[in-house]
Every structure is written in structure tokens, then in C-alpha cells.
Amino acid sequence: MEAQEDLQLNLNEESLLEMYGLIVLSRRLDERTWVLHRQGKIAFHISGIGHEAAQVGAAMALRRGQDWVVPYYRDLAMMLALGLTPKEFMLGVMGKKGEPSSGARQMPSHWSIRRMNVVSHSSPVATQTPHASGIGLAIKMRGDDAIVLTSIGEGATSQGAWYEAVNWAAIHKLPVVFMVENNLYAISVRQDRQMAVEHVADKAAGLGLPGVTVDGLDALAVHRAISEAAARARAGDGPTLVEAMVQRMTPHSSDDDDRSYRPRAELEALKAQDPVRLQRDKLMDMGLLSEQAETEVQERAAAQVEEAIKFAASAPYPEVSEASYPVYAGDRADG
Ligand SMILES: Cc1ncc(C[n+]2csc(CCOP(=O)(O)OP(=O)(O)O)c2C)c(N)n1
Ligand SMILES: [Mg+2]
């Protein structure tokens, strides 16, 4: 029933298949990046495995290229859905020239893509939230027809900056969607050591904005929730907090060993709730995805990823003389 509504409302068959293709592409790219790391070919990876459905569902609820997005490091699938190419991502993890976020100066996955209206974030968590409220204020003052979506992990909502920024957006009815990707862990710290409420969405009541919790393993459920929040924001009715319950199916990053704090049985259990498989089953149930089409989606993703790896591996590194450009005023690309 809900799937039928999605088809009627704002997603046609083509966009549902696009959604699935992006989820599969993100997973493939992410898994291959872990392998590159374990082979010693790259220095660092922070993974979005288990978050893909929520991120693609959210991105596809926006006017892509027109709305503003202030993401966080785990948002690979969201970035692909907004138009980042696998080649650009690979240039980033390999630190190669031409990487779009920073010319390969930033850590990988610190997205900043002008053509996609994706605004740079810093490594200190929650610093992106005040940026999003600021952009929301600018949109309101200019009378633009855009909105802002900012994303964050549940752990980072403990930061003072997060409360200040959400409070400000609620007071001034700014066109912001505050998306929380709740995977129950902040590196090794479980949610119950991070907040006394059951859901991050419960915090919204104290700040004066609506807060909803949705199944983040269901791309359509997230798409619906973010679409509603975006419509509210666009209508001038202010911000919404949307908490998507997702899974972190990997260690925090390639530098983390989760065996010291996460029971193996817990991780094993997550496999039965893999969002890629859940979306595939749903599309098959809806009669939109055949076995053959599924094979083609997988093969297309694999080919794109291998091509991206080859491309980035043979790309040059930036010149040493450009290392600080354009960090300081007066810096020149030619040194
Ligand atoms: C202000 C600050 N404190 C600590 C860190 C180190 N740190 C990086 S990610 C992270 C955990 C964030 O967890 P959460 O917000 O739940 O997002 P997740 O990584 O689970 O998606 C921490 C503590 C940081 N980057 N910034
Ligand atoms: Mg978390």
C-alpha cells in the first residue's frame, strides 16, 4: 500500500530503480575501498555500509543541484545520489589531483562539491549544523525557493553546537531539514551512554520543532519523511528533525578495531537486516526488478567501480608546489 502511494506521489518506476542502482553502487564502491585499504593502497576509509538506503532516500527527496546539502563523513551514498562520480570518490581516497572536494588536501569523505551545492564540513563533529542554519537564514533573507538538508550521527547530537543551531532554526522557522543517521554507536560509545532519551527525535520537543523517527533501512520510508520535512521547510513552516534508524555494519573507520567493544553476535545479526537486500526484495515484491535486471544492476556497478579504481590509480598526485593553495590569501597554484 505504501509502495503504491510512493509510485503515485513522487517516485515513478524509473526513479525507484535509480534509487536501487545508487544503493548498490555505493555498497560496491565502499566494499572495494575497504579492500584497497587492507591491501595498503590507500591510507584511510570511513564507511557508509548499512546507511545507504537512508541516504539515497533522503537525497532523492531534494531538488538535486538546487537545494543545499551540508553532509557528514558517512554520506557516500548520499553524495553519489547527488551526482558525485565513483571516479571523483576514488581520486579522493587515493589523494590524487583533480579530487573535487579539496584538490586532495582534506581527509577523504569530507565532501565539498560546488556544482552539487554541497558545503564543506570540518572533522570536529556537529560543526556542520550551525553552517546549515546559517545557510537557512540566508535563504530566508533572500527569499530563495531552496531548502537545506544537513546530516549527522546520533552521537554528535550531544554537542552544544547542535543544540544551538537547531534551536536557532526553530525560533526563526528556517528552511532546514536536520537528518540524524542513528546507528547506535559513536565510535565505541553506545547511544545509552550518550543521551537519556530513547530517540534523538525526542530532543525536538524541547527545541520546538517536529521530530520523527523512521526506519532508515527502508529507502522509501526515509524518502517519504524527508519529502514531508522538505515541503514544510519550503512552505515557510520551519525545520524538522528526521531520525533515520540505520546500522553501522563495519568498524567506525579503517583506523578502528571494533572487536574490542562490539559483540560479534550483534554484527552477525545485522546481516539479516542488510538494507541493500531489503530494497532488492521490496522491488522484486513490487514486480519492478527481475532476477536478470538485478544481475545487470550488480554488473553495471561493479564495472563502474573497477573503471574508477583504474582511472584514479593512474591519475597523478598534486604538485608539491600546490600543497597549500588556496589555503592562504595570496597563495598561487604555481607556488
Ligand atoms: C568534537 C569532536 N569530538 C570527537 C571527535 C572524534 N569523533 C569522530 S567521529 C566520532 C563519533 C561520531 O559518532 P556519531 O555522531 O554517532 O556518527 P557515526 O560516526 O556513528 O556515523 C567521534 C567521537 C570529533 N571528530 N569531533
Ligand atoms: Mg553513530
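Using a probe of 1.4 angstrom, how much of the accessible area of the stretch 1-110 is carbon and sulfur, in percent?
50 percent
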| message | What number comes out for accessible area per residue over the chain if the probe is 1.4 Å? Units Å², please. | response | 45 Å²
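What chymotrypsin sites (Phe, Trp or Tyr not before Pro) does the stretch 257-328 have in DSSP loop regions with at most 10 other beta carbons within 10 Å? Kindly include the intermediate steps, with their values, before the conclusion.
Values: sites: Tyr261, Phe311, Tyr328; in loops: Tyr261, Tyr328.
Passing sites in the stretch 257-328 are Tyr328.
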| task | May I ask you to list the GluC sites (Glu not before Pro) in the stretch 139-222 that are in a DSSP loop and have at most 13 other Cβ atoms within 10 Å of their Cβ? | result | Glu198
| To the nearest 0.05, what FRET efficiency results for Met141 and Glu228 with a Förster distance of 25 Å applied to their C-beta separation? | 0.50
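Per DSSP H run of n ≥ 4, the term is -39500 (n - 2.57); total these for the chain, divide by its residue number, and report the mean residue ellipticity at 222 nm rounded to 500 deg cm²/dmol.
Value at 222 nm, helices only: -13500 deg cm²/dmol.
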| message | Just to confirm my numbers, what's the Cα centroid distance between the stretch 68-91 and the stretch 254-270 in Å? | response | 25 Å
| request: For the chain, would you read off the P(r) tail past 34 Å as a percentage of all alpha carbon pairs? | output: 23 percent
| Once phi is turned into θ = phi - 60°, what whole-Hz ³J(HN,Hα) does the Karplus curve with 6.51, -1.76 and 1.60 give for every residue of the stretch 104-120, x standing for Gly and Pro? | 6, 9, 7, 4, x, 6, 9, 5, 7, 10, 4, 5, 9, 6, 9, 9, 3
| query | Using θ = phi - 60° and the Karplus form 6.51 cos²θ - 1.76 cosθ + 1.60, what ³J(HN,Hα) does each residue of the stretch 243-260 get, whole Hz, x for Gly and Pro? | reply | 9, 9, 7, 10, 10, 9, 8, 10, x, 3, 8, 5, 8, 10, 10, 7, 5, 7
| request: Could you look at the stretch 275-335 and say what percent of its accessible area is carbon and sulfur, using a 1.4 Å probe and all protein chains? | output: 53 percent
| note | In terms of the alpha carbon gyration tensor, root eigenvalues a ≥ b ≥ c, rounded if a/c is under 1.5 and otherwise prolate when a/b exceeds b/c or oblate, the stretch 104-203 is oblate
| Normalised by the residues of the chain, what does the relative contact order come to in percent, with Cα pairs under 8 Å and at least six apart? | 22 percent
| task | With both partners inside the chain, how many of the DSSP beta bridges are antiparallel, as a percent to the nearest 5? | result | 10 percent
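The values are calculated or read from the model by the stated rules, or taken from the named source; none is laboratory data. What you see is a predicted model, and the numbers here were worked out from it, not measured in a lab. FYI the Cβ positions are ideal-geometry reconstructions off the backbone, even for glycines, and counts take in every protein chain you see. SASA here: full protein model, heavy atoms, side chains in, ligands and nucleic acids out. Shrake-Rupley method; radii C 1.70, N 1.55, O 1.52, S 1.80 Å.
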